[in-house]
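The values are calculated or read from the model by the stated rules, or taken from the named source; none is laboratory data. These numbers were taken from a predicted model, which means no experiment stands behind them. Glycine also receives a Cβ, built like all others from the backbone with ideal geometry; neighbour counts cover every protein chain displayed. Note: accessible area is taken over every heavy atom of the protein model, side chains too, but ligands, DNA and RNA are not part of it. Shrake-Rupley method; radii C 1.70, N 1.55, O 1.52, S 1.80 Å.
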Amino acid sequence: MALDHRRVPGPEESQAPLLYAVPGQAAPEAPGREAAALRPLLARAGLLSQAEGSASLELGGGTKVLCAVRGPREAAEGRGRLLCEFRRAPFSGRGARPRPGPAAAARERELGLALQEALAPAVRLARYPRARLELTALVLQDGGSALAAALSAAALALADAGVEMFDLVVGCGLCRAPGPGGAWLLQPSEAEERAAAARLTVALMPGLNQVAGLLGSGQGGPPESWAQAVRLGLEGCQRLYPLLRRSLLRSAERRAAEADPPQS
Amino acid sequence: MAPPVRCCVPGERLCSLEEGAAGSGTYTRHGYVCAALAGCLAKTSEDGALPVVSVVRDAESQLLPDVGAIVTCKVCSINSRFAKVHILYIGSTPLKSTFRGTIRREDIRATEKDKVEVYKSFRPGDIVLAKVISLGDMQSNYLLSTAENELGVVVAHSEAGAQMVPISWCEMQCPRTHSKELRKVARVQPEFLQT
């Protein structure tokens, strides 16, 4: 057979790379983490110029979410509506393989509805008759608790857009390790989420102290275990609130400073 | 030196109802005035009444046409029963996305409503000052009215293409061809008249 000069020929024999792994250098065991430890959070509002409001939220360990709000635009209906879209970037997952089609699209639609359900009680839609607000949450990197990060980023983006709200919404994710005595962990990483027996996302409005949304799945154990998980999640939300509030204040001060330049 | 502005986030308690009244950008809950916007706090103290606490954002978030607001719109199509318009400005704030409105035949003039002809009041391309009378329901657009002396056509172009000059409340004249065209003209504000 004629040689194909256009391709770089690979080796005739190939072996699995694990054969070459030096024993004892296996991936270090992740140190047992404290159940209620929160990951470091970086939030920034007001970064996109083409959208009315925008916010970006990053959790330590590699979860990055970007949220943009457009509106209010004209709508045909009599009452105001909030339309949420939850999208994952193709490069957000761990592997290089693109996600399969319909299942992923259905899952994204479900998460978009969950976002809308959680944000609807916080937005004063009565002040926007005949208008629609379009919100898009884009997960740039999924390192665990992406929905919770998207919830917080969405609330920041809505506040940044000047939409009248009753309160901010803070989201927190939890998961339960498999096994009969598995404890609930706050803000799981991607590995913990994948191996989890049950997952839960809680959304809280801290100022009004009302739960805005709750989405859970899996085998959580007895009902008391779910109740304990919700309490843990709400506590986590209360601890995250000051950070989000500070980032929003900073962006509001930046806007005020840009509007009237300081005289001196 | 301007005093430092205090910024607030939605949901923050600003003051109790005894200390201040709720202004724009706030709402009341359980006897407290809470912020509804992320912006700067503004307190206007009136003599006698309670100070009004409001939250302002300098970049005005998109306004929505409210009932009774004066809007500037552009006529896009006319019919024997109504004229369809695009709402461009609310008051003096431009809108980022246009809203659609309708001016019905009976809302064009205040007097002799049944003798009105839409063709003799508006033409496509005219800039019209109108007032919002209704937000409309499911299928219809905003309902506007020009049934006042100060409302009506402000800028119109003649068939020759030149901008016309208003002569009376129902006629405009083209400066190039001197032909008169019928429009429902808005009364010119006194400060813009050159006499």
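Here segment A:109-123 is the region considered, the condition is being touching a Phe, Trp or Tyr at 6+ places or on another chain (Cβ under 9 Å) and charged (D, E, K, R), and the residue that is most open to solvent (accessible area, probe 1.4 Å) is A:R109. In segment B:172-187, of all residues being part of a strand (DSSP E or B) and over 24 Å from B:V71 (Cβ atoms), the one that is least open to solvent (accessible area, probe 1.4 Å) corresponds to B:Q173. Within segment B:136-151, being of a type outside the set (D, E) and without any contact (Cβ under 8 Å) to a residue 40 or more places away in the chain holds for B:G136, B:M138, B:Q139, B:S140, B:N149.
Yes/no matrix, rows are residues, columns are (1) at pLDDT below 90; (2) buried (at least 24 other Cβ atoms within 10 Å of the Cβ):
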| residue | (1), (2) |
| --- | --- |
| A:L168 | no, yes |
| A:W184 | yes, yes |
| A:E193 | yes, no |
| A:A197 | yes, no |
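For segment A:217-248, the candidate set comprises residues that are modelled with pLDDT of 90 or more and open to solvent by 50 Å² or more (accessible area, probe 1.4 Å); within that set, the residue that is farthest from the other protein chains (Cβ to nearest Cβ) is A:R231. All conditions in (1) out of contact with any strand residue (DSSP E or B) (no Cβ under 8 Å at 6 or more places or on another chain); (2) surrounded by fewer than 16 Cβ atoms within 10 Å (Cβ to Cβ) hold for B:R109, with the sole exception of (2).
Selection of segment B:101-149 for residues being over 26 Å from B:M172 (Cα atoms) and either away from every other protein chain (no Cβ under 14 Å) or in a strand (DSSP E or B) (or both) yields B:I133, B:S134, B:Y142. Does B:K84 count as without any contact (Cβ under 8 Å) to a residue 60 or more places away in the chain, open to solvent by 80 Å² or more (accessible area, probe 1.4 Å), in a strand (DSSP E or B) and more than 10 Å from chain A (Cβ to nearest Cβ)? Criteria not met by B:K84.
For segment A:200-207, the condition holds for at least one residue, the condition being that it is modelled with pLDDT under 90 and within 11 Å of chain B (Cβ to nearest Cβ).
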